[in-house]
There are 2 protein chains.
Amino acid sequence: MDNKDHSIGRWISIIYRFGQSHINKNLEQFNISSGQNVILLTLYRNGGISQEVLSDYLKIDKGCIAKSIKKLEDEGYIQRKVDLDDKRAYKVFLTQKALEIIPQIQESIKNWEEIIISDLSDNEKEMMEQILYKMARKACNIKEKNEENEYEKD
Amino acid sequence: MDNKDHSIGRWISIIYRFGQSHINKNLEQFNISSGQNVILLTLYRNGGISQEVLSDYLKIDKGCIAKSIKKLEDEGYIQRKVDLDDKRAYKVFLTQKALEIIPQIQESIKNWEEIIISDLSDNEKEMMEQILYKMARKACNIKEKNEENEYEKD
């Protein structure tokens with residue numbers, strides 16, 4: 001990897017793609033593929049939620065969320081239940097089978113995060129959190145603005 | 001987006017995915033989808049190269065590179081030519097059609113990078129370059145180590 005050819009985009013892409021591949025490798029024994037571990041963790045932290053809320057929280061489009069939910073349901077990791085507050089809607093929940101593998105998912109993500117920051121100094125680690133947060137927040141703002149413009153065009 | 005629920009992985013994922021979607025949106029008029037713009041830019045900077053070198057340089061697996069090359073060839077953006085140094089191999093090159101859209105691709109990526117760092121202070125911008133570089137370099141090291149282990153297992 002060449003430092004001279006610096007490009008924020010290329011580095012972000014490498015960190016993201018290699019992270020996915022590392023975590024997937026660790027979890028392949030459970031038949032959980034890319035992105036699905038994040039859905040399981042979100043349901044674990046937040047209890048049952050609807051697909052729409054999941055899509056909004058994770059910033060993953062509704063079609064992709066629907067596909068992942070179907071796959072996780074087929075594998076026995078989640079189940080749908082009618083929403084008691086709105087009988088026409090439903091929420092998704094973790095099954096016992098999912099609860100049992102949550103520690104391994106958490107461990108696998110933590111392990112990756114610890115690896116990639118291990119060459120940073122204490123000062124860099126502290127800065128990294130606030131820098132990445134600001135960049136991600138900006139990315140979210142732009143996405144929302146683009147979606148509003150799309151909506152206005154329709 | 002909630003700052004309390006801090007997670008390096010989640011922020012990196014948001015920055016990467018929203019960046020892809022922003023750049024793809026800008027380039028959809030050219031029928032270039034995710035990852036293909038990066039291939040075109042790499043060929044522009046480095047001249048004709050083989051698929052293997054492209055895969056290694058971009059850290060994208062050979063199967064994905066092959067599919068993207070096929071799509072870009074069908075769209076008339078690249079062509080294959082026999083490698084003069086090794087008549088059994090070939091390299092891929094940009095066509096005139098590709099050269100004409102390179103400025104828009106560069107502009108689109110630069111625009112995205114400028115947007116996501118626009119909330120950072122000068123000091124944060126400087127730190128960001130070195131932090132991301134260190135994290136990406138570590139990600140590359142780990143990937144190489146994992147691949148060596150896989151190879152030894154075979």
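Residues of segment A:121-141 include at least one that is in contact with a Ser or Thr (Cβ under 9 Å, 6 or more places away or on another chain) and either surrounded by 15 or more Cβ atoms within 10 Å (Cβ to Cβ) or farther than 23 Å from B:ARG137 by Cα (or both). Only a single item in (1) more than 12 Å from chain B (Cβ to nearest Cβ); (2) closer than 27 Å to B:CYS64 by Cβ; (3) under 17 Å from the mean Cα position of the chain (by Cα) is not met by A:ILE105, and it is number (1).
For segment A:113-122, state whether one or more residues are assigned to a helix (DSSP H, G or I), modelled with pLDDT of 90 or more and among the hydroxyl-bearing types (Ser, Thr, Tyr). Scanning segment A:113-122 turns up no residue that is assigned to a helix (DSSP H, G or I), modelled with pLDDT of 90 or more and among the hydroxyl-bearing types (Ser, Thr, Tyr). Scanning segment A:23-52 for residues that are within 14 Å of chain B (Cβ to nearest Cβ), buried (at least 20 other Cβ atoms within 10 Å of the Cβ) and either in contact with a Lys or Arg (Cβ under 7 Å, 6 or more places away or on another chain) or part of a loop (DSSP other than H, G, I, E, B) (or both) yields one hit, A:GLN36. Candidates are the residues of segment A:73-88 that are touching a Phe, Trp or Tyr at 6+ places or on another chain (Cβ under 7 Å) and not basic (Lys, Arg); the one that is surrounded by the most Cβ atoms within 10 Å (Cβ to Cβ) is A:ILE78. Within segment B:82-109, the set of residues being within 13 Å of B:ILE39 (Cα to Cα) and of a type in the set (Gly, Ala, Ser) comprises just one member, B:ALA98. Only one of the numbered conditions (1) within 13 Å of chain B (Cβ to nearest Cβ); (2) in contact (Cβ under 8 Å) with a residue 40 or more places away in the chain is not met by A:SER55, and that is (2). Evaluating A:LYS91 against the criteria (1) more than 13 Å from chain B (Cβ to nearest Cβ); (2) closer than 20 Å to B:LYS143 by Cα; (3) crowded, with 18+ Cβ neighbours inside 10 Å leaves one unmet condition, (2).
On the basis of being small (Gly, Ala, Ser), under 24 Å from B:SER13 (Cβ atoms) and touching a residue at least 40 places away in the same chain (Cβ under 8 Å), does A:ALA66 make the cut? The answer is no for A:ALA66. Scanning for something touching a helix residue (DSSP H, G or I) at 6+ places or on another chain (Cβ under 7 Å), β-branched (Val, Ile, Thr), surrounded by 14 or more Cβ atoms within 10 Å (Cβ to Cβ) and modelled with pLDDT under 90, does segment A:65-72 turn up at least one residue? Yes; the residues of segment A:65-72 include at least one that is touching a helix residue (DSSP H, G or I) at 6+ places or on another chain (Cβ under 7 Å), β-branched (Val, Ile, Thr), surrounded by 14 or more Cβ atoms within 10 Å (Cβ to Cβ) and modelled with pLDDT under 90.
Whether a residue is at the interface with chain B (Cβ under 10 Å from one of its Cβ atoms), loosely packed, with under 14 Cβ neighbours inside 10 Å, out of contact with any helix residue (DSSP H, G or I) (no Cβ under 6 Å at 6 or more places or on another chain) and over 16 Å from B:MET127 (Cα atoms) was assessed, and A:LYS110 passes this test.
In segment A:128-152, the residues that are more than 7 Å from chain B (Cβ to nearest Cβ) and part of a helix (DSSP H, G or I) never reach a residue that is at pLDDT below 90 and surrounded by 12 or more Cβ atoms within 10 Å (Cβ to Cβ) with C-beta atoms less than 6 angstrom apart, at least six apart or across chains.
A Cβ distance below 7 Å, combined with a sequence gap of six or more or placement on separate chains, defines the contacts here; from segment B:34-49, residues that are without any contact (Cβ under 8 Å) to a residue 24 or more places away in the chain reach no residue that is surrounded by fewer than 20 Cβ atoms within 10 Å (Cβ to Cβ) and part of a loop (DSSP other than H, G, I, E, B). Among the residues examined, B:ILE15 qualifies as in contact (Cβ under 8 Å) with a residue 60 or more places away in the chain and out of contact with any Cys (no Cβ under 8 Å at 6 or more places or on another chain).
The residues of segment B:79-112 that are in a helix (DSSP H, G or I) and more than 28 Å from A:ILE12 (Cα to Cα), listed by number, are B:GLN96, B:LYS97.
Annotation: B:LYS97 fulfils all but one of (1) more than 20 Å from B:LYS25 (Cα to Cα); (2) surrounded by fewer than 17 Cβ atoms within 10 Å (Cβ to Cβ); the unmet one is (1). Per this entry, B:TYR16 is counted among residues that are part of a helix (DSSP H, G or I) and either touching a Ser or Thr at 6+ places or on another chain (Cβ under 8 Å) or surrounded by 20 or more Cβ atoms within 10 Å (Cβ to Cβ) (or both).
The values are calculated or read from the model by the stated rules, or taken from the named source; none is laboratory data. Since the model is a prediction, treat every value here as computed from it, not as a measurement. For neighbour counting, all protein chains shown are included, and Cβ atoms are generated from backbone atoms with ideal geometry for every residue, glycine included.
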